[in-house]
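Engineer: This is the structure I want to talk about, given as C-alpha cells.
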Amino acid sequence: MLRIAIVGCGKVADQHVQAIHRIPDCEIVALCDRELLMAKQLGERCGVSACFSDLKEMLHAVSPDVVHITTPPQSHYSLAAECLNAGSHVYVEKPFTITAGEAESLIQRAEDRGLRATVGHNYQFTLEMLEMRRLVKKGFLGGEPVHLESYWSYDLGDSRYASAFLSNRTHWVRQLPGQLFQNIISHGIAKLTEFLDDELVEIVATAHQSEQLRSLGPGDVLDELRVLIRDEMGTTAFFCFSTQIKGLNQLRIYGPANSMIADIITGSLVRNDSRPYKSYLTYFVPPLKNAREHLRNARRNVANFARRRLYQDFGMKELIERFYSSIRSGGEPPIAYREILLIARIMDEIFAQIYPDKVSNQAASAHRENARKRLQPSIQ
C-alpha cells in the first residue's frame, strides 16, 4: 500500500484526489497547505484527518511514500527537493520547475537517492494519445515522424478571471519568467518532445497580445504564441498557443507515408493515409474514409463510456497509476527524464526570446542569489 500526501490544497488538488481514489493499493494519508484551513477543507471532502501547514512537519510525522506537489510553479523546486531529501517520490504538477537548470538538478537529486519523479502532463495519457503512440510504434506513419504540430487553446473565461492577474503585478502568474505561457504551455510542448531529438538546432518564437487581453489590462502580458522548432535529425515542429482560438487542442503527426490527428477535446484519433486515387475518386473516397474515421471514434467512445473508461480525469489517473507502478517495480517512470529536460530547455529558449528583459533580470537575480549562498559560511 503506497502512502500518498498532497502539498497545495487548491482546485487542482481535488482532481488529484479523485484520480488517486480510482487507483488500488494506495491511500492519501496527509494534506499540507500554508493556509491550514485549505488543507482541512480538502481533508473534510476526502476523509483525511492529518492536515499540516508546514511541509517539514508533515514529512517527519507521516513519512509518505509519494508526495503530489500542486502548488504554484515558483515553489515546485524547493518543495520537491525537500520531499526527495526526506525519501519521498514526487509527482510535480506542470510546469515541472521554472528553469531547465532546476529541472536537471531535481532529476539528478532523485536519481542520486534512488527515487522517482514525474510531472503532471496528464494529457499525454488520454485514450487517444495512447492509441496514437501504439500506432506510431506499429509503423503506421511509414517511418519516423517528419513533422509535428501541437495546438493548445486556452479560454480566459470572463473578464473577472483575467483581471485577477492582469491588475495585480505581484500575482504569482505575473512573476513567472514566461507569465501566462509558463503556467500552461508545457502541456502542448510535451506532445512534441516525445518525437524530437535532444539536439535542437533551431527554435524561433513570436508572441503578441490579443485584442481581448489588451482591452482588459496592461500590455506586458502576452497570450498568443507561435513557435517553430527543428532538431538535428531534420524533424520539424510547430507549436501554437492561443486564447482566441476556441476548442482546438490537437497533436498532428506526419510521417513519410501517413499522418494522424489526436484531438484532446473530442477524445478522437483520426488516421489519414496518403494513398493516391485515380481521377474523380480523389474527391469522393478520402472524405468517405474520413467520415468512417469519425464514426469509428464515436463508437469507440461509446464503448469506453459503457466500460467506465471514458471520464475527464482518465489521463491523470493513467499517469499517476503508471508512476506508482514504476515505484513499486523499480522501472522507468512514465515520462522519460529526457523529455522533461527537453521541455524545460525549449521553454527557457521561448521565454528568452519573447520576454528578454524579464528573463535576463530574473537570471541575474538567480545568479546573485546563488553567489550569496556560496559565500555564506556553513552551519555545523
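Yes or no, residue by residue, for (1) at pLDDT 95 or above; (2) buried (at least 22 other Cβ atoms within 10 Å of the Cβ); (3) under 30 Å from F351 (Cα atoms):
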position	(1), (2), (3)
C9	yes, yes, yes
C32	yes, yes, no
Q41	yes, no, no
C46	no, no, no
A61	yes, no, no
H68	yes, yes, yes
H76	yes, yes, yes
A80	yes, yes, yes
A100	yes, no, yes
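Engineer: At least 2 residues that are open to solvent by 40 Å² or more (accessible area, probe 1.4 Å) and modelled with pLDDT of 95 or more in each: list the helices (runs of 4 or more DSSP H) lying fully within the range 118-183 that qualify.
Structural biologist: 127-138
Engineer: Give the range 82-98 a look and list any residue that's open to solvent by 50 Å² or more (accessible area, probe 1.4 Å) and part of a helix (DSSP H, G or I), or say none.
Structural biologist: Those that are open to solvent by 50 Å² or more (accessible area, probe 1.4 Å) and part of a helix (DSSP H, G or I): E82, N85.
Engineer: Would you tally the residues in the range 193-216 being open to solvent by 30 Å² or more (accessible area, probe 1.4 Å), part of a loop (DSSP other than H, G, I, E, B) and either among the charged types (D, E, K, R) or in contact (Cβ under 8 Å) with a residue 12 or more places away in the chain (or both)?
Structural biologist: Qualifying residue count, the range 193-216: 6.
Engineer: Just to check your reading of the model, which residue among A366, A352 is modelled with pLDDT of 55 or more, part of a helix (DSSP H, G or I) and open to solvent by 30 Å² or more (accessible area, probe 1.4 Å)?
Structural biologist: A352
Engineer: Output the number of the condition that L228 fails; it satisfies all remaining conditions of (1) loosely packed, with under 15 Cβ neighbours inside 10 Å; (2) at pLDDT below 95; (3) within 30 Å of V173 (Cβ to Cβ).
Structural biologist: Here L228 meets the rest and fails (2).
Engineer: Here's another thing I want to ask about it. If you check every pair at least six apart or on different chains, which have Cβ atoms under 9 Å apart with a residue in the range 97-122 that is touching a residue at least 24 places away in the same chain (Cβ under 8 Å) first and a residue that is open to solvent by 50 Å² or more (accessible area, probe 1.4 Å) and among the hydroxyl-bearing types (S, T, Y) second?
Structural biologist: T97/Y77; I98/Y77; T99/Y77; E102/Y77; A103/Y77; S105/Y77; L106/Y77
The values are calculated or read from the model by the stated rules, or taken from the named source; none is laboratory data. These numbers were taken from a predicted model, which means no experiment stands behind them. Counting neighbours? That spans all protein chains shown, and the Cβs are built from the backbone with ideal geometry, glycine included. The area values use the complete protein model at the heavy-atom level, side chains included, leaving out ligands, DNA and RNA. Shrake-Rupley method; radii C 1.70, N 1.55, O 1.52, S 1.80 Å.
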